[in-house]
Amino acid sequence: MMLAMIKRNLLLYFRDHSGVFFSLLGALISFVLYLVFLKKNMLTSWHQMPDAKPLLDTWLIGGTLAITSITTTLSSLALMVTDKEKHIVADLELTDAGPMRLFTSYLLSAAVIGALTQLAMFVIMWGGFYLTDGLTLSTTAVLNTLGLMVTSSLLAVVVNAAIVQGIHTVDSLGKLGTIVGTAAGFLVGTYIPIGTLPSFAQGMVKFIPGSYVAALYRQFLMDDKLKTAFSGNLAARNTFDRLMGVRLNWSTLLTQQETYLIMGLIFSGAVILVFGVEWLRLQRRRRVVREQ
Amino acid sequence: MLLEAQHLTKTFGDHVAVNAVDLQIEKGSFTALLGPNGAGKSTTMNMLIGLLQPTAGQVTYDHDPKLGVVFQGSVLDDILTVRENLQIRAGQYRHVPTDRVAVLSQQLGLTTFMSQRYGTLSGGQRRRVDIARALINEPDILFLDEPTTGLDIQTRLAIWTLIQRLQRDHQLTVILTTHYLDEADAADNVIIIDHGRVLARGTATEIKKRYAADQLTLISPDVAQLAAQVTQKPLRRTTDQLVFSLPTMQAALDILTANRSLISNFEFRPGTMDDAFLALTGKEMR
């Protein structure tokens, strides 16, 4: 039953070709603007570094994928709001699928869309850098990246769902999308390295789940190149990791396991919140029925 | 009784949308909820379906029935084809036979546009698809919220015939709202609602008999003399016409025979649903 729902959601998303195109372009535009305006600047400040170009390229890919996971899942959750606004939900809830399955199907299809868009972005960006800078990636890096696309989508979906639950018109969701789209690049430290931000901004970055996703992407994509670049110079490597947001700094720099753990906690918290709110809403409806 | 509503009431803030409505729906019956815009028809229906919780009163079904609903607005997806729309909905139910969509498309005459996108269909075609969607789970009760609003007369007739056929052939219980009075003529059970209250109920014939008087129009070369001859006060008077509202056809015959020399022509018209409706709900627009 849920499969039918997911199929509907995906069909609605992918059949709207211009919608898909603009969603991809939305994710790409910041990347392109970055290349045009900021890349040169950053390269100059990295000039003493060996392999500066591929390092910067992979750093940018990681950050952009993290942004993509946030913005595309948010815009695909719009269907949930549209259905509510157009009273389609009333019809969907009449079926045997029931409101909980319906709700879950929105989340799962948004996660699928998020992962696929990230995949498309990854191919485009890597392809671009391969042609311009001859960027290569190891198989492990690619496999880890692919896995993280799924994880990051699921995480972004539940976090976004918590916000979208409180929104009842497509119009306000669109406005929220603009805000998130604009802010995301800064909040996950894609445009400006987290280490150069004022400490308040650094604190804010650490509150955004996407920052941890970005950090993991960077670890997977940059690791080989960083190992060669810093060959054993641990102190310099740590400084770089902290500056560029390759690893986020709590009291110490987070390990990969710790980062995953934090993401897992955020995910569980958001799942409990999102499904809890939905469950409460249903309970309230049922209680009214019993009282009558 | 398949469905019973007692003192069904819904308020939105200070506004009372539905006010203590009682309803009994028998299995296999055809009920029309008739009322002007904003009368509370849709709100009543939504409470019967369970989409809205009544502020007071209750809705009781005699068992857990399968419901089919044709909503006032479109609830199918414009950019999916008719087949996709129906298949997806079918997939959301348990125990729907795999050929159900094919059977329905035959039954409702959708076969020629099954592969067309729902958004490109004409109003009448869409309505038929909406009805097919409502019938996917072989419902016991079919609710239709203004199924013919905005359709041309031919399409209205076709949709109407279709609904009646479904009721007859499948012993379907049908409950619909409409503001087209002529449509209510075919229902077993007409309920006229206004301002959230039930103003009248019964078969169309009963309601017309009770609330719509017969009208007799007399054309005369000497209206003044004719008016003096008839004891009853005319409803309207023009230079050559007198219009009377009469309880029976017999009364009309009496007037005609007694004054035949003064009458150059006449028209007799039994009360219509329009007359009953206007008598009950008034002429005010809303």
Residue pairs within 8 Å by beta carbon, gap of at least six or interchain, first lying in region A:112-130 and of a type in the set (F, W, Y), second crowded, with 21+ Cβ neighbours inside 10 Å and assigned to a helix (DSSP H, G or I), listed first then second, are A:F122/A:I61; A:F122/A:L65; A:F122/A:T145; A:F122/A:M149; A:W126/A:I61; A:F129/A:D57; A:F129/A:I61
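Out of region A:88-97, which residues are assigned to a helix (DSSP H, G or I) and touching a residue at least 60 places away in the same chain (Cβ under 8 Å)?
From region A:88-97, those assigned to a helix (DSSP H, G or I) are A:88-93; that's our starting set.
The answer is A:L92, and nothing else.
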Keeping to region B:127-146, report how many residues are within 14 Å of chain A (Cβ to nearest Cβ) and part of a helix (DSSP H, G or I).
7
Give the residues of region B:33-85 that are within 13 Å of chain A (Cβ to nearest Cβ), closer than 19 Å to B:N189 by Cβ and touching a Gly at 6+ places or on another chain (Cβ under 9 Å), sorted by residue number.
B:M47, B:V59, B:L67
Tally time: how many residues in region B:60-76 are assigned to a loop (DSSP other than H, G, I, E, B) and surrounded by fewer than 22 Cβ atoms within 10 Å (Cβ to Cβ)?
8
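Checking the condition surrounded by 20 or more Cβ atoms within 10 Å (Cβ to Cβ), more than 14 Å from every other protein chain (Cβ to nearest Cβ) and within 29 Å of A:F14 (Cβ to Cβ), which residue from B:S122, B:S105 passes?
On the way: B:S122 fails: surrounded by 20 or more Cβ atoms within 10 Å (Cβ to Cβ).
None of the others qualify; the one that does is B:S105.
For region A:98-205, please list each of the helices (runs of 4 or more DSSP H) lying entirely inside it that holds at least 2 residues being on the phi > 0 side of the Ramachandran plot. Explain how you work it out, then say what you get.
On the way: elements: A:98-133, A:139-164, A:170-187.
Per the criteria, no element qualifies.
Suppose the filter is part of a helix (DSSP H, G or I), under 17 Å from A:K7 (Cβ atoms), at the interface with chain A (Cβ under 9 Å from one of its Cβ atoms) and of a type outside the set (A, V, I, L, M, F, W, C); does B:R89 pass it?
Working: part of a helix (DSSP H, G or I): yes; under 17 Å from A:K7 (Cβ atoms): yes; at the interface with chain A (Cβ under 9 Å from one of its Cβ atoms): yes; of a type outside the set (A, V, I, L, M, F, W, C): yes.
So B:R89 passes the test.
Throughout, read-outs are computed from the coordinates displayed, never taken from laboratory work. In this text, all values refer to a predicted model and were calculated from it rather than measured experimentally. Glycine gets a Cβ as well: all are built from the backbone with ideal geometry, and neighbour counts include every protein chain shown.
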